[in-house]
Amino acid sequence: MDSSTADKDGQYPSEHPVALYEKATRAVDRDREALEDQLAEEWCARGEATLFVDGGISRSARVSASSCAIGVIKSHRTLYVEGDALRIVMGLRRGERSSIFRVSPRSRHSVLSWYLRLREADGHDPMWGLVRVEAADCERPAERADEVSRWIIAETSPLALPDGRWDKMSYGIRDCEEFLRAIS
Amino acid sequence: MSEALGRVVATERKPNTPHEFHFWTAIDSPVGIGTIVRVDGSQPIDGQIPHIFGIIVEGFSYTDLQSPMHDVLGHDGLPTTAGYAPSERAEIRLYTAAVLRQIPEEPLQPVPMGQVFLADEADVQVALRMDSYLKEGESTGIPVGVYRAGGTDAVIYLDADFLLGPEAAHLNITGVSGLATKTSAVEWLLSSLFTHFPHEKGSIAAVAFNVKGPDLCYLDQPGKVEETDKALYEKLKVEPKPFGSVEYFAPYTAKGLSLNTFRNNEELLDKVTPLTWGLREVLQFAEVLLNKDDVDAKADALIDFIREQVVDREFSDPLLSKKHKVQSFADLDAWFRDVLQGMEKKDGESWRTHHVATIRKVRNRLSNISTRCAGLVTNTGEVSDLPFGSFTDRTVYVVDVANLEEDAQDLIFARIVSKLREHLERRDLGVKHLVVFVDELNKYAPGDGQDTYVRKMLLDIAERGRYLGLVLFSAQQFRSQVHRRVVGNSGTALFGRMDADELSTPGYAVLSPATRTKLATLEKGQLMIRHPHFTQPIFVRFPRPSVMQGREGAERYPQSADVSLDAAVLRALRPLDPSINLPWVQEITALYTEDEIIRARNATLLARPENVKAYFSAQFRKIIPAQAAPRPLAASIRSAPENDPYGF
């Protein structure tokens, strides 16, 4: 981080190491996201096979509109359902999905989304094994949602243990993370 | 240069040492237990990039699975669903290799990090130190097989100086029965030895004791050679053909009519020489047949007396009814009878310090020998033996003792080996180096049990034979049960497929578990080799011997059934003179006893005369046909006068 250059308001960044560290982390995250988007766009341009994206796909216009990308979100900081719909989602059994809804964040691009229960939540919290899926808009969204849900459920084996998020994480994502950890 | 197939790794838990290192490879890498690899170090030592050669002795496969339970849960406890998982777990291959050689050899350091390559043929020569004895023009390499791994075909050579002496010597083969590994390996190795043994090192021959089955009975007959084996023969530079010079020796059956061998089919008899010994030959080795319980010091003294004072001499004594010249078991029995009768007449208890009981005991034991070794020991004293003194280069002499009683086998082994040793000591055997092949070492040189004459002889060969040029090639099923000094003195050891029980004995503890597993599953034609130049055992493949296998030979040349005396004589003599036929034999032998006919046949076989018919006929005593005596005319009896006053 360059703390010697003032921003557009003429303010110099804090020289506190923790603040600098946080700022650097955010910058790295931005760069990583940019690289991820670039890679996903290149992949979608080739149109060969479906890309399993760890997280949402709405950040990139090209990716969010491509039938080659599926986003799987494990964290549920934002809930897209409420009331009866929330109760239905929390009560999903293994292999069941919610109805499809459209997610149109202000700074992002519109995608179709639905909740999918990957593992039985009995004895766990209601979010156990619950993921939210994002896919590009299409002509037959229900059929597409069923098809994509089957793919994601198939990826629940092998288990992503010992990762703590193994209930929602597919093994391929864990393998990728392990690879990145090994080379970083 | 080939592509690297792995990288050396070392962790705190699994560090590398000067004798062992670890490396990983791709899943599909063509390496396995027994593969030889080369590590190229990256940092020079004393200005030289180190090269380390190793052989894989252990392999590990890892995934990131921490507990088997995770896999069970991942597949809902149903193994059948595992195949449907679209993603496969990450898996790695990690290998442990034992160091074969480091270059430079000093300073000896732990194996450095570096790339791992599959060893090529040149690497294999360096790794196994074969480069020291494969020098152009002075090679002493004897091809033993081909090392194969990942496309590398490298000929593995044994050093003749360490196989036949003088540096080290002897070879021992272990393997389970029934896979034809042991006999096949020896047959192949003898072929290779006869082809590649340097002529400047002198002549070489082999004596093989066929102790069971017909395996060694067809060494001069061609066998089937598969295309794959032809390629191996070509690579190993040995011609796939049977042995050019083989001589067989076998005693007669107890009846004395035919030879007691699997090779007594008429078509093969021309190369079989009868093996028969007389009293003199047997008495030299009486202790082989008479154990310590039989013969005490007193009996031993009497046997010595007979050997030195009686046999082959004119022997007379006031006690005896006549002079004796003992040359056969029959003569000896007559001598004993005379001695005992003389003692009975004198009512004496001892004669020449020998007690009558001792004399009776020794008579009983010695007379028994001709019964126990019937067919080998002749009552008449005729000797037909191996050609001691005129052994020829690159010849195999097979002594077939497979169908004999144990005593007879022991006697044959002891006497032949002793004679070989004597001749080699005097340098007049006919060849400079002699390989003696003995199978079933478990029986002849067991690690436990009482000390036998045969075991003592084997120990003697193992420990001192190499100085004489007498080399032991031995084989057995259970190496752990053979006397340690016999196997310990074998510089070279071959291992075929092994029994798991045998592998669990302490002698195999030096091998890694993976190597032991490989040994337990070796295919026919594969061997593990230990040789003084190799710091680790090496796996090789050898070609099937190009001689007829025992089973095939027994089918093609079935053993002849018992034949009549005339037919036995015909079969024995016809190889010497093909014009001899059955009517001729019947005509010549019609008037004589069985003993006389057998004696005549044996004498003819021994002499191998030019005129066989004349020689054979001359062996019989002349019998003048009986002529009817003229009947004398009886004188007529005069009739009595009519007026005979004394008549009634």
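Read-outs: derived from the displayed coordinates by stated rules, not from any lab. Keep in mind it's a predicted model, so treat the numbers as computed, not measured. Counting neighbours? That spans all protein chains shown, and the Cβs are built from the backbone with ideal geometry, glycine included.
Counting 0.36 nm for each residue step from B:Q48 to B:E344 and taking away their Cα separation leaves a gain of 97.3 nm.
With N the number of residues in chain B, Rg(Cα) / (2.2 N^0.38 Å) evaluates to 1.33. Given the C-alpha centroids of the stretch B:491-555 and the stretch A:4-66, what is the distance between them in whole angstrom? The distance from the Cα centre of the stretch B:491-555 to that of the stretch A:4-66 comes to 62 Å.
Cα extents for the stretch B:514-627 along the principal axes, largest to smallest and rounded to whole angstrom: 88, 30, 24.
Report D for the stretch A:1-46 in µm² per second (integer): Stokes-Einstein, Kirkwood Rh on Cα pairs, 20 °C, 1.002 mPa s. It diffuses with D of about 172 µm²/s by this estimate. Label separation (B:T11 vs B:L108): 2.8 nm, computed from points 7 Å beyond Cα along the C-beta direction. Inter-chain Cβ neighbour count for A:148-154, averaged per residue, equals 1 (cutoff 10 Å, partner chain atoms only).
So if we plug the beta-carbon distance of A:F179 and A:R26 into 1/(1 + (r/R0)^6) with R0 = 25 Å, what FRET efficiency do we get, rounded to 0.05? Calculated transfer efficiency: 0.55. Sites listed here are GluC sites (Glu not before Pro) in the stretch A:6-86 whose DSSP assignment is loop and whose Cβ has at most 12 other Cβ atoms within 10 Å: A:E15, A:E48, A:E82. When all alpha carbon pairs of chain A are counted in 10 Å bins from zero, the resulting P(r) reads 9, 31, 32, 19, 8, 2 %. When the Cα gyration tensor is reduced to axis lengths a ≥ b ≥ c, the ratio a/c is 1.5 or higher for the stretch B:388-506, and with a/b above b/c it is classed as prolate. Would you give the gap between the C-alpha center of the stretch A:121-152 and the C-alpha center of the stretch B:423-463, rounded to a whole Å? Measuring centre to centre over Cα atoms gives 81 Å.
For the stretch B:280-372, a/c is not less than 1.5, where a ≥ b ≥ c are the root eigenvalues of the C-alpha gyration tensor, and a/b does not top b/c. That puts it in the oblate class. What shape does the stretch B:23-160 take by its C-alpha gyration tensor, where a ≥ b ≥ c are the square roots of the eigenvalues and a/c under 1.5 counts as rounded, a/b above b/c as prolate, and the rest as oblate? It is prolate, given that a/c is not under 1.5 and a/b is the larger ratio. Helical runs assigned H by DSSP (4 residues or longer) give the protein assembly as shown a calculated mean residue ellipticity at 222 nm of -9500 deg cm²/dmol, each run adding -39500 (n - 2.57) before division by the residue total.
For the protein assembly as shown, pairs of C-alpha atoms spaced more than 48 angstrom apart make up 50 percent of the total. Within the straight-line cut-off of under 19 Å between alpha carbons, the aspartates and glutamates reachable from B:K235 are B:D120, B:E121, B:D123, B:D131, B:E136, B:D153, B:D159, B:E187, B:E226, B:E227, sequence neighbours fewer than 8 places apart in one chain being disregarded.
By the equivalent-ellipsoid construction on the alpha carbon gyration tensor, the stretch A:119-169 comes out with semi-axes of 24, 12, 9 Å, ordered largest to smallest.
For the stretch B:307-412, which GluC sites (Glu not before Pro) pass both filters: DSSP loop (anything but H, G, I, E, B) and at most 14 other C-beta atoms within 10 Å? Here the GluC sites (Glu not before Pro) that fit, given the DSSP loop and packing criteria, are B:E349. Based on the convex hull around the alpha carbon atoms, the stretch B:563-618 presents an average projected area of 3.3 nm². Which entries in B:K212/B:K443; B:K201/B:K524; B:K298/B:K361 show an alpha-carbon gap greater than 21 Å? Cα-Cα > 21 Å for B:K201/B:K524; rest within. Between the exposed loop cleavage positions of chain A, defined as trypsin sites (Lys or Arg not before Pro) in a non-H, G, I, E, B DSSP state with at most 12 neighbouring beta-carbon atoms within 10 angstrom, the longest gap is A:9-76. What the phi angles of the stretch A:74-89 give under the Karplus curve with 6.51, -1.76 and 1.60, with θ = phi - 60°, is a coupling list of 9, 8, 10, 5, 10, 9, 9, 10, 8, x, 4, 4, 5, 4, 5, 5 Hz, glycine and proline written as x. Determine the alpha carbon to alpha carbon distance for each of B:K325/B:K346; B:K271/B:K613; B:K224/B:K432 and list only those over 25 Å. As for pairs spanning more than 25 Å Cα to Cα, those are B:K224/B:K432.
DSSP beta bridges confined to chain B are antiparallel in about 65 percent of cases. For the stretch B:210-289, the average shadow cast by the Cα convex hull is 8.0 nm², which is a quarter of the hull's surface.
About the centre of its Cα atoms, the protein assembly as shown shows a dipole size close to 1600 debye [charges on the beta carbon of Lys, Arg (+1) and Asp, Glu (-1) only; nearest 20 debye].
Distance between Cα centroids, the stretch B:28-76 to the stretch A:79-93: provide it in whole Å. If we compute the Cα centre of each part, the gap is 50 Å. Cross-link partners for A:K168 among the lysines, with Cα-Cα distance under 23 Å and sequence neighbours closer than 8 places in the same chain left out: A:K74.
Against the empirical 2.2 N^0.38 Å (N residues), the stretch A:49-156 has a Cα radius of gyration ratio of 1.01. Per-residue extension of 0.36 nm, minus the Cα-Cα distance of B:D501 and B:Y84, leaves a gain of 146.1 nm for this segment. A cut-off under 13 angstrom between Cβ atoms defines the neighbours of A:A182, and their net charge, with Lys, Arg +1 and Asp, Glu -1, is -2.
Annotation: lysines with alpha-carbon distance below 29 angstrom to A:K8 (same-chain offsets under eight excluded): A:K23. Among the GluC sites (Glu not before Pro) in the stretch B:35-125, those located in a DSSP loop and surrounded by at most 13 other Cβ atoms within 10 Å of their own Cβ are B:E88, B:E105.
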